[in-house]
Amino acid sequence: MSGRTGSEYLSFEGIAKSFPGVKALSDVSFGVREGSVHALIGENGAGKSTLLKILSGVYKPDEGTLRLGGNAVSFPNTAAAIDAGVAVIYQELNLVPHMSVAENLFLGHMPNRAGVLDRRELAAKSRELMAGLGLDLRVEEKVGRLPIAERQMVEIAKALSRNAKVIAFDEPTSSLSSREVTALFRIIRRLKEEGRVILYVSHRLEEIFKIADSVTVLRDGRHVETFDALDNVSEPQLVNRMVGRNIEDIYNYSPRPVGEPVLEVKGLQGPGLASPVDLTVRKGEIVGLFGLVGAGRTELLRVIYGVEKPTQGEVHLLGKPVPIRRPSDAIKAGIVLCPEDRKKEGIFPVRSVEENINISARRLFSHLGFQINNAAERRNAEAQVAQLNIRTPSLSQEMRNLSGGNQQKVILGRWLSEDVKAVLLDEPTRGIDVGAKSEIYNIMYGLARDGIGVLTVSSDLPEVLGICDRIVVMRLGRIVASVPRAEATEESILRLALPANSTDSENTKP
Amino acid sequence: MMVIFVVLFVAASIWVENFATLNNMKTLLLQIVQVGIAACAMLFLLATGDFDLSPGAVVALSGVIAAVVTNRTGSVALGFAAGITAGSLVGLLNGVLVAKAGISAMIATLGTQQITRGLTFITSGGKAVGVSNEGFYWIGSYQLFGFLPIPVLVMGCFFAVFGYLLGRTIFGRNSLAIGGNAEAAKLAGINVARTRIIIFTLLGFCAAVAGIILASQMTSGQPNEGLGLELRVIAACVLGGVSLSGGIGTMMGTIVGVLIMGMLQDVMNLLRIETFWQYVVSGAVLLAAVLIDRLKQRRTA
């Protein structure tokens with residue numbers, strides 16, 4: 001099980017790749033043994049995706065050699081890589097939702113008799129594959145109907161149907177629950193025992209320690225270090241290699257004076273909330289909202305913000321009740337929301353960074369309330385970019401070209417352009433690399449110091465324990481506890497968040 | 001697309017007889033008035049990611065109602081006001097159906113298109129409604145300074161006003177934002193439903209104005225007019241770079257799109273090409289122009 005005994009099968013030797021304006025990879029070399037799981041970690045922009053794309057035949061390296069089984073290979077296209085036994089399972093799965101599991105598994109090489117589809121053979125072979133993975137799945141089921149964890153299994157089975165020897169996973173667990181991650185790891189271990197070569201790319205260091213035998217760290221396109229065994233490696237060590245700094249700096253917490261209540265929720269009820277919610281956020285305080293998936297945290301933020309209509313209850317700001325029927329009421333009062341899914345709910349992808357920042361505040365700068373004030377908008381965008389250290393080549397850069405961390409900062413900049421009294425954040429650091437996370441935490445501390453109420457939803461328990469002054473736990477649509485930082489521990493918070501009869505962490509999102 | 005327009009224009013001036021004359025330019029511009037005015041609002045509509053199949057029917061409706069009311073009351077002003085109101089109401093209905101009732105824009109406007117067309121036939125008794133009141137013809141026939149037809153002037157004003165709205169006002173930018181990501185627009189505080197309703201109503205209004213001008217030009221309300229207009233308007237917008245999935249569009253581009261389509265039709269008329277072949281050519285040019293544009297974009301992307 002140690003994965004240290006197999007011979008090297010996959011190796012990258014001196015791989016370099018550039019794109020106009022950016023050197024994505026330079027001189028990256030490391031090898032992976034048969035029957036082992038090798039993790040590839042690094043911040044956004046470190047070069048992991050580029051390396052995977054070279055492996056899967058999407059790109060050709062500018063320099064260097066890729067070897068499989070000792071032989072140098074060069075893939076002119078992705079089909080060649082698949083034929084060579086390489087499969088990459090991306091975050092955005094490559095499945096056709098309207099087709100069945102069986103059809104997806106054999107897409108492109110369906111069993112047939114002289115060109116006529118052999119359905120019985122298709123079904124039989126598909127069932128065989130799924131059984132081989134230990135999965136009980138109806139192969140006639142339309143893939144789009146399956147939950148994401150099962151769709152991922154189909155993608156893995158698809159790779160196996162092509163006899164993939166090298167299987168790479170790109171951030172496979174971002175949408176999975178703890179139980180589903182365990183199931184995935186069970187399958188990865190089985191694949192490993194079959195002698196395959198597994199490459200595992202992930203942000204989540206706890207997982208690396210659970211599943212990987214060895215790890216390579218990339219930073220800014222360069223190979224930093226490869227650890228052949230994880231026995232004596234610690235998480236702070238890995239973070240240090242990834243970021244070039246020490247983990248104690250990542251949370252960077254220091255206490256602040258706490259003042260009068262700034263945001264008070266009284267008896268609020270609405271869609272997704274099982275009983276009336278009471279919540280207070282004081283000046284200088286960062287309140288974390290923790291709970292399992294489905295606990296009602298996002299729903300609570302949406303009711304406060306006016307996206308969902310409250311059925312009863314009130315929101316008070318600085319002691320005065322604020323009637324909120326829609327987001328613009330909240331915004332005008334000074335309550336703002338950074339949504340959970342940036343891509344779906346936060347950004348305007350083809351519009352510029354400048355416009356994304358000014359989209360709401362522009363009404364405050366406008367001439368006569370309707371004409372755009374270009375000069376003021378430009379000045380505001382420049383100020384936000386400087387203040388929040390937003391990395392973008394220019395203000396007119398399309399928003400979709402920015403990294404996740406910078407996109408989140410733009411959304412924060414959107415709200416800091418206004419006169420903000422309370423900020424609601426929903427999973428603000430999800431999908432963001434370690435360095436950018438630290439910057440966002442510092443921004444949050446700054447807001448709190450300025451007397452702005454900060455209420456943040458997070459599923460990352462270490463993060464919640466690391467940055468919050470108080471942790472409010474939700475369970476099944478209601479608030480069950482409010483725990484000050486000093487009294488909070490991982491076990492005590494988890495116990496509060498889990499349904500009464502569960503004693504393990506089966507249901508938490510890692 | 002501007003380049004394509006200039007190239008076609010120069011080519012036409014050189015090779016097509018009578019193209020580059022003041023008279024022909026006037027004819028060309030007069031021919032595109034309906035499409036041009038409707039395109040001003042359709043640009044906004046497509047920008048928000050919506051769709052509207054009713055403008056053609058509204059053109060006919062407003063013309064017929066203007067004619068009928070003018071005949072009944074003897075007042076041209078009242079007739080025009082009635083026509084414009086009727087068209088705007090159809091637009092409002094579209095907006096409410098799509099933004100509030102949540103019906104898909106294509107289906108909703110298909111329904112209102114049929115209803116509007118039907119009501120137009122009923123109101124007109126199935127035939128053209130002639131108007132004897134001379135004031136009715138004024139908009140369609142008067143030429144300012146002796147050479148600038150009023151319809152063209154009106155179209156120019158609409159281009160200017162809507163262009164300003166799209167490019168320089170919050171309302172215009174919000175429309176593009178809604179098309180780019182409606183959910184994000186809502187969370188950013190934009191009143192998405194209200195904006196969409198306003199835009200549908202504006203399109204009804206524009207189509208109504210176009211209809212009244214047309215009726216004035218033809219000195220009668222014609223229930224058969226405007227058939228297929230909406231598709232020509234959408235084609236002009238797409239030619240002008242408006243994305244059918246929303247979020248992208250400019251007034252300059254739309255104007256060029258309208259001009260290209262108008263120029264094409266004008267040239268074919270001058271060359272006496274049969275009407276049926278004109279359909280083929282129009283369709284082919286639309287496809288070619290969009291393909292060229294797509295290829296250009298792919299190279300810069």
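The values are calculated or read from the model by the stated rules, or taken from the named source; none is laboratory data. Not measured: the values here are computed from a predicted model. Cβ atoms come from the backbone with ideal geometry, glycine included; neighbour counts cover every protein chain shown.
Per-structure values
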{"item": "Any hit, the stretch A:72-83, residues being buried (at least 22 other Cβ atoms within 10 Å of the Cβ), assigned by TED's automatic domain parsing to the domain that holds A:ALA229, modelled with pLDDT under 95 and under 17 Å from A:GLU13 (Cα atoms)", "result": "no"}
{"item": "Residues of the stretch B:1-21 classified as within 24 Å of the chain's Cα centre (by Cα) and outside any loop (DSSP other than H, G, I, E, B), total", "result": "7"}
{"item": "Any hit, the stretch A:381-403, residues being hydroxyl-bearing (Ser, Thr, Tyr), within 12 Å of chain B (Cβ to nearest Cβ), in a loop (DSSP other than H, G, I, E, B) and surrounded by fewer than 21 Cβ atoms within 10 Å (Cβ to Cβ)", "result": "no"}
{"item": "Test for B:ARG173: is it of a type in the set (D, E, K, R) and facing chain A (nearest Cβ under 7 Å)", "result": "yes"}
{"item": "Boolean, A:LEU364 is under 26 Å from A:GLY451 (Cβ atoms), more than 10 Å from chain B (Cβ to nearest Cβ) and without any contact (Cβ under 8 Å) to a residue 60 or more places away in the chain", "result": "yes"}
{"item": "Filtered residue count, the stretch A:340-354, keeping only those that are assigned to a helix (DSSP H, G or I), at the interface with chain B (Cβ under 7 Å from one of its Cβ atoms) and buried (at least 18 other Cβ atoms within 10 Å of the Cβ)", "result": "2"}
{"item": "Failed item in (1) surrounded by 24 or more Cβ atoms within 10 Å (Cβ to Cβ); (2) facing another protein chain (nearest Cβ under 9 Å), with B:ILE178 passing the rest", "result": "(2)"}
{"item": "Test set (1) surrounded by fewer than 21 Cβ atoms within 10 Å (Cβ to Cβ); (2) away from chain B (no Cβ under 11 Å) - A:ILE324 fails condition number", "result": "(1)"}
{"item": "Which numbered condition B:VAL96 fails, given (1) of a type in the set (Val, Ile, Thr); (2) modelled with pLDDT of 95 or more; (3) surrounded by 24 or more Cβ atoms within 10 Å (Cβ to Cβ)", "result": "(3)"}
{"item": "The stretch A:225-240, subset free of Cβ contacts under 8 Å to residues at least 40 places away in the same chain and either in a strand (DSSP E or B) or basic (Lys, Arg) (or both), residue surrounded by the most Cβ atoms within 10 Å (Cβ to Cβ)", "result": "A:PHE227"}
{"item": "The stretch A:178-206, subset outside any helix (DSSP H, G or I) and buried (at least 19 other Cβ atoms within 10 Å of the Cβ), residue farthest from the chain's Cα centre (by Cα)", "result": "A:ARG196"}
{"item": "Helices (runs of 4 or more DSSP H) enclosed by the stretch A:414-501 - at least 2 residues per element that are touching an Asp or Glu at 6+ places or on another chain (Cβ under 8 Å)", "result": "A:434-449, A:461-467"}
{"item": "Residue check for B:SER243: over 16 Å from the mean Cα position of the chain (by Cα), of a type in the set (Ser, Thr, Tyr) and over 28 Å from B:ASN18 (Cβ atoms)", "result": "yes"}
{"item": "Given (1) in a loop (DSSP other than H, G, I, E, B); (2) crowded, with 19+ Cβ neighbours inside 10 Å; (3) more than 14 Å from every other protein chain (Cβ to nearest Cβ), number of the condition B:VAL238 does not satisfy", "result": "(1)"}
{"item": "Candidate set from the stretch A:303-321 (those that are of a type in the set (D, E, K, R) and over 18 Å from A:VAL420 (Cβ atoms)); member that is farthest from the other protein chains (Cβ to nearest Cβ)", "result": "A:GLU314"}
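Matching residues to (1) more than 24 Å from A:VAL201 (Cβ to Cβ); (2) without any contact (Cβ under 8 Å) to a residue 24 or more places away in the chain:
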{"site": "A:GLN91", "(1), (2)": "no, no"}
{"site": "A:MET99", "(1), (2)": "yes, no"}
{"site": "A:LEU105", "(1), (2)": "no, no"}
{"site": "A:ALA114", "(1), (2)": "yes, yes"}
{"site": "A:ARG119", "(1), (2)": "yes, yes"}
{"site": "A:MET130", "(1), (2)": "yes, no"}
{"site": "A:LEU137", "(1), (2)": "yes, no"}
{"site": "A:LEU146", "(1), (2)": "no, no"}
{"site": "A:ASN163", "(1), (2)": "no, no"}
